[in-house]
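**Student:** Sharing a structure, written as C-alpha cells. Questions coming.
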Amino acid sequence: MEQNLSIIIPTYNEEKNIGRVLLQLTSQLEAGDEIIIVDSRSSDRTAQIAKSFGARVLSMGKEGIGLARTLGARGAKNAVIAFLDCDVQLCEGWARKVKSHFRDPELEAVGGLDLYTYGNAIEDLMYNTYSRSVFALGALTHALLGNFWVPSNNGAFRKDVFLKVGGYRAFLCEDFEFTKRFRPKKAFYDYSLVAFLSDRRFKKDGFFRTVLLWVISDLEALFGMEKKGKAAGYKSS
C-alpha cells in the first residue's frame with residue numbers, strides 16, 4: 001500500500017534557495033503528500049515563497065535545526081516523514097523512491113546519500129569521497145550494531161517510531177546524537193536516493209575545518225558531552 005509523505009524542511013532567510021527545492025518537490029508529490037516548512041522567523045520572503053508553493057509554514061525561534069525538524073515531524077499529518085535541507089537538488093523520482101520503500105509495513109527508516117556538485121572537479125571528488133565513506137560507515141555500523149545513522153537532510157522515517165525515541169534534539173550534529181537512541185527493527189540504506197547539496201558551508205568555513213567540527217561533535221555525542229545546537233550557533237538553515 002502506497003504511503004503518503006510529509007516532507008519537512010527547516011529554513012532561516014532562504015528566499016534565494018527555497019523556491020528551487022519546492023519547484024522540484026511539487027513536481028514529484030501526489031495527492032495527500034505535504035511539504036512543511038519550519039521557519040525560524042526569517043526576515044526575508046522565505047515564508048511567503050513557501051506558501052506560494054502550497055507548503056505549510058510553521059514558525060519557531062532560533063532553537064536549533066534539530067528541534068526545527070522535530071517540530072515539523074510533530075505537525076506532520078502523514079505516517080511517513082522525510083527531512084531535507086532547502087538548498088538541495090533531488091535525484092529523479094526522489095519522492096517515489098522514498099514512498100516505494102515504505103510499502104513494506106515492517107520498514108521503519110530509509111537513508112539517502114548526500115552528494116555535492118557545486119565545486120570544481122577536485123572539490124567534488126574530495127567532498128563526495130568523504131560523503132560516500134561516511135554513508136558506507138553508517139550502513140556497516142547498522143549491520144553490525146543495529147544503530148541507524150543517516151544524514152538528517154536526506155532521511156525518512158515512520159513518524160510514530162521517530163517521535164517515540166524523542167526525535168532530533170537541539171545538538172550540533174543532531175543526526176549522530178539521534179543514532180544513540182534509534183535502533184529500528186528494519187531499515188534500509190539506499191545509495192540511489194541522492195540529494196545533491198550546496199557546498200556553501202564548506203566555502204564559508206573551509207572543508208577540513210567543517211569536517212573537523214563534525215567529527216569532534218560526533219565524538220562528544222558518543223561520550224555524552226553534546227553541545228547544544230543553539231549554544232553552538234547552529235541555526236535552522
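Every number in this text was worked out from the coordinates using simple rules, so none of it is lab data. Quantities reported herein were computed from a predicted structural model and do not represent experimental measurements. Here the Cβ positions follow ideal geometry from the backbone for every residue, glycine too, while neighbour counts run over all protein chains shown.
**Student:** Less than 17 Å from a label point 7 Å out along the Cα-to-Cβ axis of R20: which backbone N atoms in the stretch 42-82 qualify, by residue?
**Tutor:** Within reach of a label on R20, which here means backbone N under 17 Å from a point 7 Å along Cα→Cβ, the stretch 42-82 contributes 45-46, 49-50.
**Student:** Let me ask another. Quick check: from the Cα gyration tensor, does the stretch 5-98 come out rounded (a/c under 1.5), prolate or oblate?
**Tutor:** Working: a/c = 1.73, a/b = 1.27, b/c = 1.36.
Oblate is the answer for the stretch 5-98, as a/c is 1.5 or above yet b/c matches or exceeds a/b.
**Student:** Given H placed 1.01 Å from N in the peptide plane, which residues other than close sequence neighbours of I7 have an amide H under 5 Å from its amide H?
**Tutor:** E34, I35, I36, A82
**Student:** Rounded to two decimals, what ratio of Rg to Rh does the stretch 106-153 give with C-alpha atoms and a Kirkwood Rh? Don't jump to the answer; show the numbers that get you there.
**Tutor:** Numbers: Rg = 12.7 Å, Rh = 11.9 Å.
Taking Rg over the Kirkwood Rh, I get 1.07.
**Student:** Can you put R45, R158 in order of Cβ neighbours within 10 angstrom, beginning with the fewest?
**Tutor:** Numbers: R45 15, R158 19.
Going from sparsest to densest Cβ surroundings: R45, R158.
**Student:** Same structure again: For the stretch 88-208, which semi-axes, largest first and in whole Å, follow from the square roots of 5 times the eigenvalues of its Cα gyration tensor? Could the numbers behind the result be given before it?
**Tutor:** Working: eigenvalues 126, 56, 34 Å².
Gyration-tensor ellipsoid for the stretch 88-208: 25, 17, 13 Å.
**Student:** Going by average Cβ density within 10 Å per residue, which order do the peptides 101-108, 17-24, 66-73 take, highest to lowest? Spell out each step's value before the answer.
**Tutor:** Numbers: 101-108: 15.0, 17-24: 18.9, 66-73: 25.1.
For the peptides 101-108, 17-24, 66-73, the packing ranking is 66-73, 17-24, 101-108.
**Student:** Now a separate question. Using the basic label-point model (7 angstrom from Cα toward the beta carbon), what is the R103 to F53 distance in nanometres?
**Tutor:** The modelled label-to-label distance comes out at 2.7 nm.
**Student:** List, in order, the whole-Hz ³J(HN,Hα) value for each residue of the stretch 129-136 obtained from phi through the Karplus relation with A = 6.51, B = -1.76, C = 1.60 and θ = phi - 60°; use x for Gly and Pro.
**Tutor:** 4, 4, 5, 5, 5, 5, 5, 5
**Student:** Additional query: Compute the Rg to Rh ratio over the stretch 5-222 from the alpha carbon atoms, using the Kirkwood formula for Rh, and round to two decimal places.
**Tutor:** On the way: Rg = 16.3 Å, Rh = 17.5 Å.
Over the Cα atoms of the stretch 5-222, Rg/Rh equals 0.93.
**Student:** Please give the contour-minus-distance gain from E92 to N78: 0.36 nm per residue of separation, less the Cα-Cα distance, rounded to one decimal in nm.
**Tutor:** Details: separation 14, 0.36 × 14 = 5.04 nm, distance 2.24 nm.
The span from E92 to N78 would gain 2.8 nm if fully extended.
**Student:** Here's another thing I want to ask about it. Under 5 Å between amide H atoms, partner at least 5 residues away or on a different chain: which partners does L113 have, H built in plane at 1.01 Å?
**Tutor:** For L113, the qualifying residues are L193, V194, A195.
**Student:** State whether the stretch 13-55 is rounded, prolate or oblate according to the following rule on the C-alpha gyration tensor (a ≥ b ≥ c being the square roots of its eigenvalues): a/c under 1.5 gives rounded; otherwise a/b larger than b/c gives prolate, and the remaining case gives oblate.
**Tutor:** On the way: a/c = 2.72, a/b = 1.81, b/c = 1.50.
It comes out prolate by the Cα gyration axes.
**Student:** Starting with the highest mean, order 147-153, 131-137 by the number of other Cβ atoms within 10 Å, averaged over the residues of each peptide. Walk me through the intermediate numbers first.
**Tutor:** Working: 147-153: 22.0, 131-137: 14.7.
Peptide ranking by packing, descending: 147-153, 131-137.
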